[in-house]
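The values are calculated or read from the model by the stated rules, or taken from the named source; none is laboratory data. This is a predicted model, so every value here is computed, not measured. Virtual Cβ from ideal backbone geometry, glycine too; neighbours counted across all protein chains shown. Ligands, DNA and RNA are stripped out before the accessible areas are found, and what is left, the full protein with its side chains, is counted by its heavy atoms. Shrake-Rupley method; radii C 1.70, N 1.55, O 1.52, S 1.80 Å.
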Amino acid sequence: MKTIILKWNPAISCVSMEDMKWAVQELWNSLESEFNWSIYDWEKAEKGDRVFMLRVGRGKVGIIASGWLSSDAYEGEDWRGTDEKRHYADILFDVVIHPQRNNILDTKVLQKEIPTVDWKGGHSGVIISEEEAARLESVWNNFLKENTHLCEPETDNTFSS
């Protein structure tokens, strides 16, 4: 199993806050709801790999979600609307946190704990090393233990109004 860092910049992404709202609501309604995302290291990505969604850009930046690839990578149209082909994989989230209303696992913490990963730039869908992945999983689990309220449905942590 590999661990993949997906990056989301709401200022330039075709995935809006409304789309993330849908993902969160679907997570609470059905653990079978899938979301797809572009994968840079698509040749190595496989169904069952662990993923973490990193919000980048302005505002709160850091890990906002975790989950698993529920498909191998597949080719699709470019999300930006160019003639280029992109590769995507389907994701089943296990945790999604509203990045505007709640604490998220901040990039500053990630940089301190795992300085070998580029937490600010680069492509979405990059595979990190096993050592980096083990450390990230530990930091994420500790963050969730300290913020158990973030994993409860129908609270202000979700995107519901």
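Among Lys60/Lys85; Lys7/Lys112; Lys2/Lys60, which pairs are too far apart, with a Cα-Cα distance over 23 Å?
In this structure, Lys60/Lys85; Lys2/Lys60 exceed 23 Å between Cα atoms.
Please work out how much length the chain gains when fully extended from Asp94 to Asp72, using 0.36 nm per residue of separation minus the C-alpha to C-alpha distance, in nm with one decimal.
The Asp94-Asp72 span can extend by a further 6.1 nm.
For labels at Glu46 and Lys112 in the simple 7 Å Cα→Cβ model, what's the distance in nm?
Rounded to a tenth, the inter-label distance reads 3.6 nm.
Quick one: which residues, 5 or more positions from Asn36 or on another chain, have an amide H under 5 Å from its amide H? H modelled 1.01 Å from N in the peptide plane, none for Pro or chain starts.
Here the answer is Ile91, since their amide H atoms fall under 5 Å of that of Asn36.
If amide H atoms are built 1.01 Å from N in the plane of the peptide, which residues on other chains or at least 5 residues away come under 5 Å of the amide H of Asn9?
Val56
Which percent of the accessible area of the range 32-73 is formed by carbon and sulfur heavy atoms (probe 1.4 angstrom)?
Carbon and sulfur: 44 percent of the exposed surface of the range 32-73.
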